[in-house]
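Asker: Below is a structure I'd like to ask you about.
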Protein chains: 2
Amino acid sequence: MDSFESILIKNGYVLTIDPKRRILPKGNIRIEGNKITEVSKSPSNDAELVIDASGKIVMPGLIDTHVHLAQALIRGCADDVSLVDWLKNYVWVLQGNFTHADGKASAELCMAEMIRTGTTGFIECMIHSRYGFDGIAKSVEKIGMRAALSKIIMDSTGYADSPDIMYPGMVESAGDCLQETEAMLKKWQWDANGRIQVWYGLRSLGAVSDSLFKQVVQLARKHKTRMTMHLGEVPDDVRYVQENHGTNLVGFARKLGLLGDDMVFAHGIHFEDQEIQELAATQSNISHCPASNMKLASGFAKVPEMLEHGVPVSLGCDGGPSNNTYDMIREMRLAALIHKPRVNDPTVVSAEQVIEMATLGGAKALGLGDELGSLEQGKLADIILVDMRHLNLTPNTNPVSNLVYAGSGNDVDTVIVDGKILLRDKEHLTLDRDAVMVKAEKHAVDLIERAEVEIEPKWPIFD
Amino acid sequence: MDSFESILIKNGYVLTIDPKRRILPKGNIRIEGNKITEVSKSPSNDAELVIDASGKIVMPGLIDTHVHLAQALIRGCADDVSLVDWLKNYVWVLQGNFTHADGKASAELCMAEMIRTGTTGFIECMIHSRYGFDGIAKSVEKIGMRAALSKIIMDSTGYADSPDIMYPGMVESAGDCLQETEAMLKKWQWDANGRIQVWYGLRSLGAVSDSLFKQVVQLARKHKTRMTMHLGEVPDDVRYVQENHGTNLVGFARKLGLLGDDMVFAHGIHFEDQEIQELAATQSNISHCPASNMKLASGFAKVPEMLEHGVPVSLGCDGGPSNNTYDMIREMRLAALIHKPRVNDPTVVSAEQVIEMATLGGAKALGLGDELGSLEQGKLADIILVDMRHLNLTPNTNPVSNLVYAGSGNDVDTVIVDGKILLRDKEHLTLDRDAVMVKAEKHAVDLIERAEVEIEPKWPIFD
């Protein structure tokens, strides 16, 4: 990790995303320690390291608010299959056979890709005991990203009417879940110079009992930490709360105390208008996952409506079998594209709005709205540089929409987190990319063999 | 352009896309002249050039069946605006101010991006006299791609009930259109070793009179060449044929003689089931343009239904203000993603099917179904290599779906067209990439100033 007393990023096309959304076409950012100390049209002083950002966008690091680190290793293992098939015959079987070494290999692969494509912070939504929370936290500490690591919370194997749906290796008890969360909170909360948070990762409606939901809400608020959970990804969620509680999804969440700005609901597809208004009123966060929602046929989240009502929306790449990448720039493009035909209006979910989701929205979801998500004096120095001198970005007439509609993570060339440089000239400084890839490939092959899962293209192989 | 007597591509993961869809995990392809002379598990002979394809997918080059070459220069010039605004205030005004030098600069930028991202052949759907057909054909000849170049055909300024909609600089007369097509057919048809075709590019319903439609159908068949046109992109198309002909889109096309395997309809969104059956029966080609259809809120083409009925479907990236890239791998991903939630089935439009669209479907649209689109002995040597050793493609468990769901054009590292190498190790061999980019940027800036169009982000600029 390259560490400098002070860094000056000069002459970049700076998207501050500050309250006025100012753009400085030849702007300068000064970093001292882990903070931004200057955002200006002309730089005041020199610095230990000067980075020339000519031809590059300088912007806040992207924040992925719904990541399964342990699914990078099973990327592409369940494509074009039904959701039940996806879960029961592939994802759960593979993840139910994970070792802690698999978990670490997957997390490091995932972080390598996120850094390479401009993500500086993320919310890992549910770390199972099989993946090894402690080892993953150590990798985050070493590699240098900002992360909320959520311990999976569950006490049931699925919806009440299909109790046997979950693969045995994936089941955990409430006691174990809560105990590990307590231990990890003690060990890691705000560690690594404040980069690491420990959250409660409530699995999903069918996998958590009402009493456990209530208990976790109390514990999270007692420990002043936060929660995330899958909500409204599948129509079954709507049916479940209707049958068991006679209400809709948000009504259920209200009843159990789950609403609030300390909650990040992932997916959030199957809401009615009135529910969207209540999400806005309580400032409950939604992590919108466009690629995953398309690939698993989950549906179209009502993002234009949520934005209109003021729901805090951020973006999530979800996982390797549902996306299948962890590239937030490609995710921004998808978020900007897919809602326009549904509402028959090409002006909704604009390039500017998806950038806000990926930065400010992500910071708010992380609980760091005042400290992160924009380039302003005093804020944390999580910054990326995107080189616009690529064929796909030429000409660069409107850099903002160009980034969203024509850019991809490949165009990112520098990544700074907490004032430290993690990527420079597209090269990782805090991990050995080739070693991470070789290790991940090996672990994937071993895992698939161990789990006895067959994964092949639909076309015949002649070898 | 690197030219060799014989090329042997060794040890690649070969997607033949032959009638059996065979995959050779360690396969070899031998090229002599412009043809594939061997596809085998073990290579017979040595060759003048041997390319090691270990860790790479070897597959037929991708074919983009709906390209506006002249829109690369106006990439990102009209984002998040309504369709009328998009046309009247941006795209037509800019394109109506094109010079031939702009047309050439844009075509070369577009081809550079297509080659870099794995496209070997394309259909340019409508070359206006302002863009300079002859100059563009010379660029295609020099740069080495395979292309159908369609001369724009029109004699009206828009739908009958809005005659003044088109920017004056974009209007052409039937006489001029037909005359230039004749001249270009004489000069370029099957030139450049057969790489270049000259087609009729019927603009769209409102811009072509019934008599001109009929005349062009006769001429195209007389000259044994082919046609393409925009059809069913906007709901206005449906209204127009209903009001003027009392029929639906395909009924109209039948009446005017437009159906057949020598026609490529671009977009093809607003069809009913019965129309889809007739498209299949006549083997009329559809160029599906997912990114464009999302960005302009045009709607969801019924691709699962078209595939089920046997309509020949291929893929098109459309243009710089509607996509905004020319990356067929990203287009394949989008095509595989967006239809699943509409029909509530994650198994439709599979990775395999979108690869077929981008290869076999493209070859058929080009009228080269027997000579192109798969790796088989005797077929034309249009081949790409995709390096799977990238973070976003690790682990590479199922290379076929991995390419579609996690790949992007950036992962392409070698491109061969007609037996000649156009890209090697991600570097262009037949054009100077940096010079193309600098020239395009300059032409874009000049054009925007000349056309007096204002293009800026929505956020305030402080300079």
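The values are calculated or read from the model by the stated rules, or taken from the named source; none is laboratory data. As the structure is a computational prediction, the values presented were derived from the model and not from experiment. Neighbour counts are summed over all protein chains in view; Cβ atoms, including those assigned to glycine, are modelled from backbone coordinates with ideal geometry. Areas reflect the complete protein model, heavy atoms only, side chains present, ligands, DNA and RNA absent. Shrake-Rupley method; radii C 1.70, N 1.55, O 1.52, S 1.80 Å.
Asker: In terms of solvent-accessible area of protein heavy atoms at a 1.4 angstrom probe, what is the ranking of B:D134, B:D318, highest value first?
Answerer: Putting B:D134, B:D318 in descending order of accessible area: B:D134, B:D318.
Asker: Could you let me know the centre-to-centre spacing of the stretch B:317-388 and the stretch A:429-463, using Cα atoms, in angstrom?
Answerer: The stretch B:317-388 and the stretch A:429-463 have Cα centres spaced 25 Å from each other.
Asker: Can I ask one more? Given the pairs A:K458/B:K26; B:K295/B:K364; A:K56/B:K88, which are separated by over 20 angstrom at their Cα positions?
Answerer: Among A:K458/B:K26; B:K295/B:K364; A:K56/B:K88, the Cα-Cα distance tops 20 Å for B:K295/B:K364; A:K56/B:K88.
Asker: Something else about it: Give me the dipole magnitude in Debye, nearest 20, for the stretch A:1-120 about the Cα centre, with unit charges on the beta carbon: positive for Lys and Arg, negative for Asp and Glu.
Answerer: In debye, rounded to 20, the stretch A:1-120 gives about 540.
Asker: Kindly identify the stretch B:62-365 as rounded, prolate or oblate by the Cα gyration tensor criterion: order the square roots of the eigenvalues as a ≥ b ≥ c, call it rounded if a/c is under 1.5, otherwise compare a/b with b/c, prolate if a/b is larger, else oblate.
Answerer: rounded
Asker: So how strong a dipole does chain B carry about its Cα centre when Lys and Arg Cβ are +1 and Asp and Glu Cβ are -1, to the nearest 20 debye?
Answerer: Dipole about the Cα centre, nearest 20: 1000 debye.
Asker: I'd like the mean, over residues of B:290-303, of how many other protein chain beta carbons sit within 10 Å of each residue's own Cβ. Walk me through the intermediate numbers first.
Answerer: Details: counts 2, 4, 1, 3, 10, 8, 3, 11, 4, 4, 3, 0, 0, 0.
Mean shielding by partner chains, rounded to a whole number: 4.
Asker: Averaged across A:350-361, how many Cβ atoms of other chains sit within 10 Å of each residue's Cβ atom? Don't skip to the end; give the middle numbers.
Answerer: Details: counts 5, 6, 5, 2, 0, 2, 0, 0, 0, 0, 0, 0.
Taking all residues of A:350-361 together, the mean is 2.
Asker: Let me ask another. Considering every residue in A:401-411, what mean count of other chain Cβ atoms within 10 Å of its Cβ is obtained?
Answerer: 6
Asker: Multiplying the sequence separation of A:V438 and A:K214 by 0.36 nm and subtracting their Cα-Cα distance, what value in nm do you get? Could you put the intermediate results ahead of the total?
Answerer: Values: separation 224, 0.36 × 224 = 80.64 nm, distance 4.33 nm.
Using 0.36 nm per residue and subtracting the Cα-Cα distance, I get 76.3 nm.
Asker: Between A:F462 and A:R389, what is the FRET efficiency for a Förster distance of 51 Å, r being their Cβ-Cβ separation, to the nearest 0.05?
Answerer: 0.75
Asker: Shifting gears a bit: Please calculate how many Å² of accessible area the protein assembly as shown carries per residue, with a 1.4 Å probe and no DNA, RNA or ligand atoms counted.
Answerer: On the way: 28730 Å² over 926 residues.
Dividing the accessible area of the protein assembly as shown by its residue count gives 31 Å².
Asker: When the Cα centres of the stretch B:189-264 and the stretch B:94-116 are compared, how far apart do they sit, in Å?
Answerer: About 25 Å separates the Cα centre of the stretch B:189-264 from the one of the stretch B:94-116.
Asker: On to the next question. Can you list, shortest first in nanometers, how far A:I455 lies from the same residue in the other copies, with each label 7 Å from Cα toward Cβ?
Answerer: Its label point is 4.1 nm from the equivalent points in the other copies.
Asker: Also, I was wondering about something else. Is the shape of the stretch B:355-463 rounded, prolate or oblate, going by the alpha carbon gyration tensor and its root eigenvalues a ≥ b ≥ c, with a/c under 1.5 for rounded and a/b larger than b/c for prolate?
Answerer: Values: a/c = 2.15, a/b = 1.65, b/c = 1.30.
Judged from the Cα gyration tensor, the stretch B:355-463 comes out prolate (a/c at least 1.5, a/b above b/c).
Asker: Axis carrying B onto A: which residue of B has the nearest Cβ, and how far, whole Å?
Answerer: Closest Cβ to the B-to-A rotation axis, residue and whole-Å distance: B:N410, 2.
Asker: Pairing the Cα long axis of helix A:133-143 with the longest principal axis of chain A, what angle in degrees results, from 0 to 90 and rounded to the nearest 10?
Answerer: Around 10 degrees separate the two axes.
Asker: If the label for B:D52 sits 7 angstrom from Cα along the Cα-to-Cβ line, what are its distances to the same label in every other copy, in nm to one decimal, shortest first?
Answerer: Relative to the other copies, B:D52 has label-point distances of 3.6 nm.
Asker: Using only the alpha carbons of the protein assembly as shown, determine the length spanned along each of the three principal axes and report them from longest to shortest in whole angstroms.
Answerer: Its Cα atoms span 81, 61, 58 Å along the three principal axes.
Asker: So how tilted is helix A:328-343 from the main axis of chain A? Cα-based, degrees 0 to 90, rounded to 10.
Answerer: The answer is roughly 70 degrees.
Asker: Separate question: Calculated FRET efficiency, B:E308 and A:K41, Cβ-Cβ r, R0 56 Å, to nearest 0.05? Could you put the intermediate results ahead of the total?
Answerer: Numbers: r = 58 Å, r/R0 = 1.04.
So, using R0 = 56 Å, E works out to roughly 0.45.
Asker: Next question. Let a ≥ b ≥ c be the square roots of the eigenvalues of the Cα gyration tensor of the stretch A:143-235; is it rounded (a/c under 1.5), or, if not, prolate (a/b larger than b/c) or oblate?
Answerer: Because a/c hits 1.5 or more and a/b exceeds b/c, the stretch A:143-235 counts as prolate.
Asker: For label points placed 7 Å from Cα toward Cβ, what is the shortest-first list of nm distances from A:Q377 to its copies?
Answerer: Distances between equivalent label points, in nm: 7.5.
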